[in-house]
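Just below is one structure, and these are the notes that go with it.
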Amino acid sequence: MIIPDVEDVVADAARHTGAGIGEHSMVLNMGPQHPSTHGVLRLVLEIDGEAIVSLAPDIGYLHTGIEKTCEAKFYQQVVPLTDRIDYLCPMTNNLAYCLAVEKLLGLDIPERAQIIRVLLNELTRIQSHLVWLGTHAMDIGALTVFLYCFREREDLLRIFESVSGQRMMTSYFRIGGLALEPPMGFNQQVQALLDLMPSRIDQYETLLTGNPIWMGRIKGVGLLSAEDAIALGVTGPPARASGIDWDLRRDMPYSGYERFKFDVPISHDGDVWARYVVRIQEMRESVKICQQALDMLIAMPRDSNGKPARIVADAPKIVLPDREQMKTQMESLIHHFKIVTEGFAVPAGEVYQAVESPRGEMGYYVVSDGTAKPYRVHMRNPSFATLQALETMCKGRLLADVVAVIGSIDIVLGEIDR
């Protein structure tokens, strides 16, 4: 007997294919499990032997209601919630949300804060791609690569911890700038990692790129044309692997990305192999961006007292004052008290801000009704859009190929089931 409620999912898949369930096919429930589905994703497959006839993702097992929760929080209190949307790139979510609210407020963010934001976002991209590569390789049977990738990821998490006090849910960005001044030794810590990463990426490629088993499992598998990618809303590395030359950092720059020189990796193969190659090259480009950002930070002049440039906007009614000022200035103490207890009002209006996350276009739509709490916060998540392309990529392939395709699109269920 078919699992209760599965009939609706199967019927939906049949509508996609234009045909009903065949006489010789069977319905197979795949997941929710880990690691081959990277979280709580259940797939309802119609298979004929081992060939995929149709596929329907059944999501919702990780539903958190974060978008609705945002409406009950002050604007600044929403930042910790954004960490948990895509928990592999929390700073990217922090940035997208902060940029959206800063647009409504009309804030000018100091140059130094923008550079640090770019630096940490590119480090986040590398960290996210390391998790993708390690788990993707493990799905297909290359267990060693997982240990190599998490070796470097640990160094990255130590950097995040030194900056924010947290390894993953950093909540480091603030509306108006950054939460804290980077700690002593931050530049040296980042430079040591940047010096190391190119050789480490070479090691990953030595293990995989020329490996005949790896190539046999992913070349020509999970094909997605540029036309289908556009029609299905696919963005990020999966879209660029299908020949779509689009990257928000270059084409709709934010946080000063127009100042950085980097290439956007593109492939026209559109298969799992192409998505692997594009992300490997993206890690190399992120290292270049991080090096440029670090050089800019080191070269920035200090004031007459030897202090570095500001990392928060000059907006005392929005940005929390310096703690030392609170001890000597009554006005600063009052601002701190009112911001913490009452929040700050944001002019009525609506705004959409998109950034290039490791998985594609991460967009935040924020509506303000003029109060201290957002009227509406909606996230446009790349994994949610990319998941609907799964059937297109898997139809006609073998059951074993489904695991390889899922790994190649690098979905995070936290943003799908937000």
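Residue pairs whose Cβ atoms lie under 6 Å apart, separated by 6 or more positions or on different chains, with the first residue in segment 46-58 and farther than 12 Å from residue 30 by Cα and aliphatic (A, V, I, L, M) and the second modelled with pLDDT under 90 and open to solvent by 10 Å² or more (accessible area, probe 1.4 Å), are 53/25.
Quick one: how many residues across segment 193-208 are without any contact (Cβ under 8 Å) to a residue 24 or more places away in the chain and not charged (D, E, K, R)?
Going through segment 193-208, the residues without any contact (Cβ under 8 Å) to a residue 24 or more places away in the chain turn out to be 195, 199, 202, 206.
If we keep only those that are not charged (D, E, K, R) too, we end up with 199, 206.
Residues in segment 193-208 being without any contact (Cβ under 8 Å) to a residue 24 or more places away in the chain and not charged (D, E, K, R): 2 in total.
Contact map, segment 391-407: residues that are closer than 19 Å to residue 234 by Cα paired with residues that are in a helix (DSSP H, G or I) and open to solvent by 50 Å² or more (accessible area, probe 1.4 Å), Cβ distance under 7 Å, separation 6+ or inter-chain. Pairs shown: 391/16; 392/228; 404/217.
Among residues belonging to segment 41-65 that are of a type in the set (Ser, Thr, Tyr) and open to solvent by 60 Å² or more (accessible area, probe 1.4 Å), point out the one that is nearest to the chain's Cα centre (by Cα). Among residues in segment 41-65 that are of a type in the set (Ser, Thr, Tyr) and open to solvent by 60 Å² or more (accessible area, probe 1.4 Å), the one nearest to the chain's Cα centre (by Cα) is 64.
Return the residues of segment 197-233 that are hydrophobic (A, V, I, L, M, F, W, C) and open to solvent by less than 50 Å² (accessible area, probe 1.4 Å); say none if nothing qualifies.
Filtering segment 197-233 for residues hydrophobic (A, V, I, L, M, F, W, C) gives 197, 201, 207-208, 213-215, 218, 221, 223-224, 226, 229-232.
Selection gives 197, 201, 208, 214, 218, 221, 224, 226, 229, 232.
Could you list, ordered by first residue, the pairs with Cβ atoms under 6 Å in which the first is in segment 117-146 and without any contact (Cβ under 8 Å) to a residue 24 or more places away in the chain and the second is open to solvent by 10 Å² or more (accessible area, probe 1.4 Å) and in a helix (DSSP H, G or I), at least 6 apart or interchain? Sorted first by the residue in segment 117-146, then by its partner, the pairs are 134/146; 134/150; 146/138.
Does residue 382 qualify as being within 28 Å of residue 119 (Cβ to Cβ) and touching a Leu at 6+ places or on another chain (Cβ under 9 Å)? So residue 382 does not fit the description; no.
Per-residue answers, yes or no, for (1) over 30 Å from residue 122 (Cβ atoms); (2) acidic (Asp, Glu):
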| site | (1), (2) |
| --- | --- |
| 324 | yes, yes |
| 341 | yes, no |
| 354 | no, no |
| 375 | yes, no |
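Out of contact with any strand residue (DSSP E or B) (no Cβ under 7 Å at 6 or more places or on another chain) and under 29 Å from residue 302 (Cβ atoms) - does that describe any residue in segment 129-140? The answer is no; no qualifying residue exists. Sub-7 Å Cβ pairs linking a first residue in segment 257-286 that is in a helix (DSSP H, G or I) and among the small types (Gly, Ala, Ser) to a second residue that is buried (at least 20 other Cβ atoms within 10 Å of the Cβ) and at pLDDT 95 or above, at least 6 apart or interchain, are 274/241; 286/122; 286/125; 286/126, ordered by first then second residue.
Quick check: anything in segment 80-92 in contact with a helix residue (DSSP H, G or I) (Cβ under 7 Å, 6 or more places away or on another chain), among the aromatic types (Phe, Trp, Tyr) and either modelled with pLDDT under 90 or under 19 Å from residue 117 (Cα atoms) (or both)? Give the steps one after another, and end with the answer.
So the first thing to find is which residues in segment 80-92 are in contact with a helix residue (DSSP H, G or I) (Cβ under 7 Å, 6 or more places away or on another chain), and the list is 81-92.
Subsequent filtering for residues that are among the aromatic types (Phe, Trp, Tyr) retains 87.
Now drop any that are not either modelled with pLDDT under 90 or under 19 Å from residue 117 (Cα atoms) (or both), which leaves 87.
Yes, segment 80-92 has at least one match.
Only residues that are within 16 Å of residue 90 (Cβ to Cβ) and of a type outside the set (S, T, N, Q) were counted in segment 119-162, giving 17. Determine, yes or no, whether residue 126 is open to solvent by 10 Å² or more (accessible area, probe 1.4 Å), among the β-branched types (Val, Ile, Thr) and within 22 Å of residue 258 (Cβ to Cβ). Here the answer is no, as residue 126 does not meet what is asked.
Cβ separations smaller than 8 Å between residues 6+ apart or across chains give the following pairs from segment 217-232 residues that are part of a loop (DSSP other than H, G, I, E, B) to residues that are among the aromatic types (Phe, Trp, Tyr) and open to solvent by 30 Å² or more (accessible area, probe 1.4 Å): 219/273; 220/273; 221/273. From the list 314, 269, 303, 251, the one residue that fits, being surrounded by 14 or more Cβ atoms within 10 Å (Cβ to Cβ) and of a type in the set (Asp, Glu), is 269.
Meeting the requirement of 1 or more residues that are of a type in the set (Asp, Glu) and either at negative phi or open to solvent by less than 10 Å² (accessible area, probe 1.4 Å) (or both), the strands (runs of 3 or more DSSP E) wholly within segment 325-418 are 349-357, 360-368.
A single entry from 108, 139 fulfils the requirement of being assigned to a helix (DSSP H, G or I) and surrounded by fewer than 24 Cβ atoms within 10 Å (Cβ to Cβ): 139. Do the conditions hold for residue 279, that is, is it charged (D, E, K, R), open to solvent by less than 70 Å² (accessible area, probe 1.4 Å) and touching a helix residue (DSSP H, G or I) at 6+ places or on another chain (Cβ under 8 Å)? Considered against the rule, which asks whether it is charged (D, E, K, R), open to solvent by less than 70 Å² (accessible area, probe 1.4 Å) and touching a helix residue (DSSP H, G or I) at 6+ places or on another chain (Cβ under 8 Å), residue 279 comes out as yes. For segment 315-340, the tally of residues that are of a type in the set (Asp, Glu) and either farther than 30 Å from residue 259 by Cβ or in contact (Cβ under 8 Å) with a residue 60 or more places away in the chain (or both) stands at 2.
Return the only residue of 82, 69 being β-branched (Val, Ile, Thr) and surrounded by fewer than 23 Cβ atoms within 10 Å (Cβ to Cβ). Before the answer, list the steps.
Numbers: 82 fails: surrounded by fewer than 23 Cβ atoms within 10 Å (Cβ to Cβ).
The conditions single out 69.
The values are calculated or read from the model by the stated rules, or taken from the named source; none is laboratory data. Everything numeric here is computed off the predicted structure, so don't read it as measured data. Cβ atoms come from the backbone with ideal geometry, glycine included; neighbour counts cover every protein chain shown. All accessible areas refer to the heavy atoms of the entire protein, side chains included, with ligands and DNA or RNA removed. Shrake-Rupley method; radii C 1.70, N 1.55, O 1.52, S 1.80 Å.
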